[in-house]
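Engineer: Quick one: this structure, given as structure tokens, is what I'll be asking you about.
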């Protein structure tokens, strides 16, 4: 650490102190407000995490970052998360890189009724467009918007927490708001680097309904619904009508899961999406049935109405991105074939990786990247919509604006007139 | 790597080239001696190893060396070993440090009849003292020596291979000779650093019957029989009469083994020796019954005749070394108690470590150290045996040697006599 | 980064999400030493990793003697660092073609790309049949697609575009000035061009770590002790180790900005266009300053302030970010 | 080794069989930074790890300003590097006592050792009852054994041995000159004494990495570029960073051995007694020279030739090898 003190370093060292406090020092026991004596500390929450250090060790074997120290730090921060928040479990989603700071992200399942949105008294049930997320711009009510999914369902099945070690946070976790279809629809049209500040404004066209944390949450949803994969049979998916609600949490295989052979794991058919895609038009996971199909939403065009890839579809069914295949499967440690590790990476979402070893019994997904999609072509920002032609009133006569030539001609006439008048 | 060439570096770089060749380049296919065309390469041997990289990763969590690169290099070298030699399996024993080079050591089980000693025509069956190991000094036949155990039994149950990356070997494996009781008995009386040269002479008192590779093999035997431990129940030991022959290889738990709870694994009673001790007097594992008990060997003194700690005894039964306990059990990763790793280290053989995780289902022993025992007291080299008192012949008269005083007195008398004569 | 700093550098940059697997590190430890010895290089640099859709390339560079930008040689490994072979320099035309290929590298060095190219039509009278380079092109065209057929296209650089006369070339209304043609580019050419392009974007060094000596040679500053304090988190303290382009600043301007002739003979990252094409972060718990290029995503550099530790490496998908202006 | 070189140094030395676990590394990354900030140290050194039978100690040292051998302060952590507390300097008498304790450290800083000591009997007439230091000793004696009772013995250094008058002291035949007494030593005193003893054995530096400046101060040589070629695998190229003892060589002898006044002001490892108390190995695949002390097993040093990388660390059982002469 540098010996010459400066603002940047002082700030950074503050973060280290904070980190030490948050990660290593157990919270001091609360003090009885009356007697001033320390009370017994409340039992920490009993949430669980997968063996994150081990997962990151296997990912390191696949060439995906995280030094051993950072792996430990993340595992410890995750441990503190499930001790503090009322969640049943949490997994490490990954890291989204930002310009000024990176986001370390955890995916958690709140205990029944413990999510903030479930604890607030339910106000207006019916349309439920705006779930009270802050930072959103007031939305016009011209069209009926597709309602957001309630917490615990579809694209809001999980809660996401963000932490940053580098910044002032020093390892504290912040809950991200749930996502709305409107945010997802606009997010699909943007391509931006994150700043690293959750409250930063998103200056974009089309205007994004929210601040950076909403955009972050939207991108997480897009990544999760596109890249959550596991070895075939690992998570039980019951044919056609199974949503991801039937699946156990990733990390615990279906009890009847049997180890797969290396060839199966090394083929795209050996891997399955275990989360359905987000619907293209409604930008929800579960189709919103209240409305008949007439009122198709903004981005709804040529896509077939309400189909998306269900959970359970094989990776081999995913379409390539122009000439680039959607997924790449790599054998790791080829030289020691007795203990194979298979790495799968998404080429559509660069930074999304999965690994499997021990016949697929050990597997995890992770995302470490800039948070945007690879399209294979240059980004074309969407054009503003065509101006709606108003009907002209009968007494209005349209004339062309004078051109520079017209004006010069007029000036000339004027000048001639003046000269004539002078003459 | 250094840019200025010098003898040391050239030699070292040769080792790197050799290493590349041995570890990474598959052997070129053999050439047909008649046609000169390459033949199909023979199938590599089908030997197995435990997941060494993973074992070393857990040991790294316990603070025991090996960087990830070295772990990989060792795992790869072990892979080459079981491909090349006719062994059914091999595990990584560890590393014994030497003054000029270190020994990387593998423990292997030869296929039936494939050990060199089993392939040579059996010459003399009965006494079988000197199994034809080279380097041993010719032994006197005054006393009947305890015969060595045949390969595959007792102290010679396993074969040990040595490799050194640093030296000229560059990763090639050398089979160590089997051990004899005589070597074990002398090795117990020595305390030496290894030089790193397998053929180095051992200048010692008492004289060691062999060269450094024999001493190395003897120390390995002592370490193996003192520090091979596993969680209770991991290896099935059937009460009293089970030798280690009944136990499956370490690395594969007994099928009925059930995960142990953290407290059991963190107690000395939760860990068992799975290899019996070497007998104190015979310096064999299995008692040699041919001879009646009259002819007790060299070091046989106060110890009860033929008992040693059998396989299956708990670590808690081991006696301390003066004030130091025989074993230390440490919780690793205390901060993340959901995935505990337990480390056990021997204080009698500093450098012997074991770990267990996943309820004891994953476990391994390793030794990394100088190869000598901690006794808690300064080493006292054994004194030469007392000179045997010969019976005196009747006509010999024993007189005391003159002391300095005597001589001075005699000189004085002499001088006086001279002076008197002169006078 | 220097081969000898490989592990430290890789660890320092792992927080950005990319690392080398243990088998790659173990293999590189020996193969880079072999490379250095075989070519008698003064210095071997681990350049980085380029993602391919069927496997990755590891890239190393060797420097025969004192630093110049011309004499370095580039090597590629497609077997996780066990063996390296040299990448040949590419022509400017091929480099231009390579810049127009998009999508992941295939992971197979012999793969061939078909590239549409607008070539000026030569209306000068000429023998109508058998343009000279046609057979090679035909061979390449037939071999492409299976990805293994690069052998047919062997023989080095793709030929300079030669005119073809087919149906569309016949002038109907106004004679078109250009025609569309397919030319082929081999993956190793694309890769060499890419490495070159990133090198031109510039490996990053902290200011003062290289100096201009009296003989106007760029040499490593042996007494570089690292950047200090806030300087270490300023883009202007980091320079491109490449022939300077912005050095044409007037001496007055240089004086105003406090530039020193022997330190500031290289372009600073702060002058890179567009502004914001680099990010800089300091992580207090590892003590590392990390720089990331947003224009060449995957180009990373690090420096440990108050130390002589620094390095840069590329770990990416082999594409320039042409959308950067929309993304900031 | 410098806290900032911790990871690189630990990796370089892992081949000797000792490393830091990941939780220790992660904790040290923050706690050493906190230590540096809290005491405003110019430099924090990770000194090593001492094995205890119920847990290990991690040791760090801080240097307030320029290097002297006196002003460094030593800190110990018994919680895997999360928190550190200072070890107080010990008296020469306690250091002597500590050198006579054998066996592993207990792992509990408050543990007390009973040490048999031969003290001269003072036959001078004195008041027969209540020797002044008795209560403290009594308290310590009653507290020892449970290992937790060190508090009773608190109050700093054990008192200088004071005479006791009990039965055996009564002269019968010839009055004995010494009597046997139990004195107590706390584990933290033993530990401080041990760290001091290893420091006197000397942390190892490559020749030229520290120089004597014009003011006769020992300073880090900023332009040290590492040992070159065979020099890097010679013991004589490595020096003890401690006050020189063998420096009394005549100037003729120094000249004969080619010693330079500003480089060779420290003792070389080659002069250590007994000969053979250090081993030196070069590993080509990692490019690291490793030195290991056989007299203080667990004392390791490394240097990467042609680089300024070096460091030393102790990872051991807290005992000097008194059997060395038999073991070579």
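Here, each number is a calculation from the coordinates, and none is a lab measurement. Since the model is a prediction, treat every value here as computed from it, not as a measurement. Here the Cβ positions follow ideal geometry from the backbone for every residue, glycine too, while neighbour counts run over all protein chains shown.
Engineer: Return the chain A residue and its Cβ-to-axis distance, rounded to the nearest Å, for the rotation relating A to B.
Structural biologist: A:57, 3
Engineer: For A:145, B:307, what's the fewest-to-most ordering of other Cβ within 10 Å of each Cβ? Could you put the intermediate results ahead of the total?
Structural biologist: Numbers: A:145 21, B:307 11.
Starting with the residue having the fewest Cβ neighbours, the order is B:307, A:145.
Engineer: Ranking D:106, D:286, A:267 by Cβ neighbours within 10 Å, fewest first, what do you get?
Structural biologist: Final ranking by Cβ density, sparse to dense: A:267, D:106, D:286.
Engineer: Taking a point 7 Å out from Cα toward Cβ as the label site, list the nm distances between residue C:322 and the same residue in every other copy, smallest first.
Structural biologist: Inter-copy label distances (nm, one decimal, shortest first): 7.8.
Engineer: How many partner chain Cβ atoms sit within 10 Å of a residue's Cβ in peptide D:306-317, on average, as a whole number?
Structural biologist: Mean partner-chain Cβ count within 10 Å for D:306-317: 2.
Engineer: Now a separate question. Defining the label point at 7 Å along Cα→Cβ, can you sort the distances from residue B:403 to the same site in each other copy, shortest first, in nm?
Structural biologist: Values, ascending and in nm: 14.0.
Engineer: Just tell me how shielded D:203-216 is by partners: mean number of partner chain Cβ atoms within 10 Å of each residue's Cβ, no decimals. Please list the in-between numbers first.
Structural biologist: Working: counts 0, 0, 0, 0, 0, 0, 0, 0, 0, 0, 0, 0, 0, 0.
Average per residue, whole number: 0.
Engineer: Can you give the mean number of other chain Cβ atoms that lie within 10 Å of the Cβ atoms in peptide A:79-86? Don't skip to the answer; put the middle values down first.
Structural biologist: Details: counts 5, 2, 0, 1, 0, 0, 0, 0.
Other-chain Cβ atoms within 10 Å of each residue's Cβ, averaged: 1.
Engineer: Now for a separate question. Can you sort B:317, B:43 so the residue with the fewest Cβ neighbours within 10 Å comes first?
Structural biologist: Working: B:317 12, B:43 7.
Listing B:317, B:43 from fewest to most nearby Cβ atoms yields B:43, B:317.
Engineer: Given a cut-off of under 8 Å on Cα pairs at least six residues apart, what relative contact order in percent is computed for the range C:4-88?
Structural biologist: For the range C:4-88, the relative contact order is 23 percent.
Engineer: If you don't mind, there's one more thing I want to ask. Shortest first and in nm to one decimal, what separations exist between residue B:320 and its copies in the other chains, measuring from label points 7 Å along the Cα-to-beta-carbon line?
Structural biologist: 7.1
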